[in-house]
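The structure appears below as structure tokens.
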């Protein structure tokens with residue numbers, strides 16, 4: 001998710017099949033020729049992508065696949081025949097990236113869902129096993145089958161499951177705010193800390209979970225109320241422009257997930273910072289940078305929209321400041337502003353980390369050769385395990401159900417959690433990747449390969465025959 005510093009990109013026209021494009025079915029994969037991977041593979045080499053957790057089962061023909069964090073090798077293949085994906089990449093468009101195989105603890109890749117990254121001339125092309133469907137017709141049936149399964153679950157769910165649970169969490173966060181402000185009146189350190197914690201968690205629940213659901217229209221089925229909640233959560237609570245949040249997140253990030261220059265999460269890259277400053281100190285600046293970026297974007301907005309956005313952002317910030325001075329009893333403006341910064345940056349570190357962990361380091365695609373929707377989402381999106389605090393404040397769709405959210409973005413957090421077994425079971429059954437990894441494992445991976453992921457231009461992955 002990206003509701004922060006968004007860099008708008010002017011689109012000439014949508015690529016064909018962007019909204020309704022469907023990949024061909026991968027069927028069962030078979031690969032002729034022996035490939036090996038290692039920490040320093042001799043050319044030609046291969047790496048493997050798949051569902052990361054645990055250890056990798058031994059592969060056929062002496063393969064030794066390792067966990068995929070983004071290692072890719074160049075290819076000059078341009079085959080477009082066949083119904084299964086073969087991953088390869090062209091040379092990086094700008095600065096070269098490391099070609100080392102990923103390091104770190106091995107991750108489980110179900111053998112049936114291995115996708116090879118084949119170097120030029122290293123092996124014969126991957127082909128669908130006998131009986132696997134070929135062409136776009138099989139892919140349309142595949143995605144249609146998954147949509148039908150999810151639709152059945154949604155129809156069988158009550159309003160409480162579809163919207164009520166998440167609305168109740170947001171309502172509780174609003175109702176808990178007075179207790180947080182009153183706790184800040186105390187001179188007891190423990191009570192003061194409790195007040196900061198309550199305000200911080202409630203702030204992120206409203207600004208991240210609330211803004212995210214409202215931007216996707218997942219809080220209500222009424223278009224009118226969806227707009228009201230979007231303005232409230234995005235502009236009043238989050239101090240950002242609702243128009244740019246919708247454009248950058250829904251239109252770009254979801255429409256072009258992991259497509260370089262569009263939905264590749266590049267707004268989170270700051271090559272000028274080293275790994276420790278970025279991972280540990282930079283998140284503290286998010287509460288300050290967000291409204292500044294919003295105001296800068298208003299120069300390109302219509303006058304009426306700009307005035308409304310500026311007014312609502314000012315209302316939200318001043319209301320927070322006024323409550324600290326009037327209810328919490330802060331005597332000086334400086335202490336009130338410091339408390340605002342503290343509460344608004346309480347969960348800034350996991351907020352930034354989650355935004356980069358779930359997309360960066362996974363396959364990136366070019367605009368003219370991007371795969372169809374189901375392959376793009378299964379390859380370019382990763383789920384984290386359930387974490388109670390982040391599940392509450394950020395929502396399941398941003399933590400443990402991110403794959404489900406990208407496939408069905410209008411589902412609420414609770415519905416994403418409910419359809420998770422259906423989606424994961426379907427992708428495993430159809431031998432498609434379903435990426436999962438722990439927060440700590442991704443954190444270590446990004447620290448060890450920070451320059452490759454966050455500084456250098458990412459390599460382009462091609463799924464030959466599916467673009």
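Can you tell me which of (1) over 30 Å from residue 449 (Cβ atoms); (2) in a helix (DSSP H, G or I); (3) in contact with a helix residue (DSSP H, G or I) (Cβ under 6 Å, 6 or more places away or on another chain) is the one residue 328 doesn't meet? Evaluating residue 328 over (1) over 30 Å from residue 449 (Cβ atoms); (2) in a helix (DSSP H, G or I); (3) in contact with a helix residue (DSSP H, G or I) (Cβ under 6 Å, 6 or more places away or on another chain) leaves (2) as the failure.
I'd like to know if region 250-263 contains one or more residues that are buried (at least 18 other Cβ atoms within 10 Å of the Cβ), under 21 Å from residue 344 (Cα atoms) and touching a helix residue (DSSP H, G or I) at 6+ places or on another chain (Cβ under 8 Å). No - not one qualifying residue is present in region 250-263.
Residues that are surrounded by 17 or more Cβ atoms within 10 Å (Cβ to Cβ) and either without any contact (Cβ under 8 Å) to a residue 24 or more places away in the chain or over 17 Å from residue 406 (Cβ atoms) (or both) within region 268-285 comprise 269, 278, 279, 282, 283, listed in sequence order.
Yes/no matrix, rows are residues, columns are (1) free of Cβ contacts under 8 Å to residues at least 40 places away in the same chain; (2) closer than 30 Å to residue 316 by Cα; (3) not in a helix (DSSP H, G or I):
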position: 338; (1), (2), (3): yes, yes, no
position: 351; (1), (2), (3): no, yes, no
position: 356; (1), (2), (3): no, yes, no
position: 361; (1), (2), (3): no, no, yes
position: 368; (1), (2), (3): no, no, no
position: 377; (1), (2), (3): no, no, no
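Looking at region 169-233, the helices (runs of 4 or more DSSP H) lying wholly inside it that each contain 2 or more residues that are in contact with a helix residue (DSSP H, G or I) (Cβ under 8 Å, 6 or more places away or on another chain), modelled with pLDDT of 95 or more and more than 18 Å from residue 412 (Cβ to Cβ) sit at 189-204.
Going by what's in this entry, would residue 384 be described as at pLDDT 95 or above, surrounded by 19 or more Cβ atoms within 10 Å (Cβ to Cβ) and over 27 Å from residue 159 (Cβ atoms)? Yes: the conditions hold for residue 384.
Say whether the condition of being part of a strand (DSSP E or B) and at pLDDT below 95 is met by at least one residue in region 433-442. No, that holds for no residue.
The values are calculated or read from the model by the stated rules, or taken from the named source; none is laboratory data. Predicted model only: the values in this text are computed from it and were never measured. In this analysis, Cβ positions are derived from the backbone assuming ideal geometry, glycine residues included, and neighbour counts consider all displayed protein chains.
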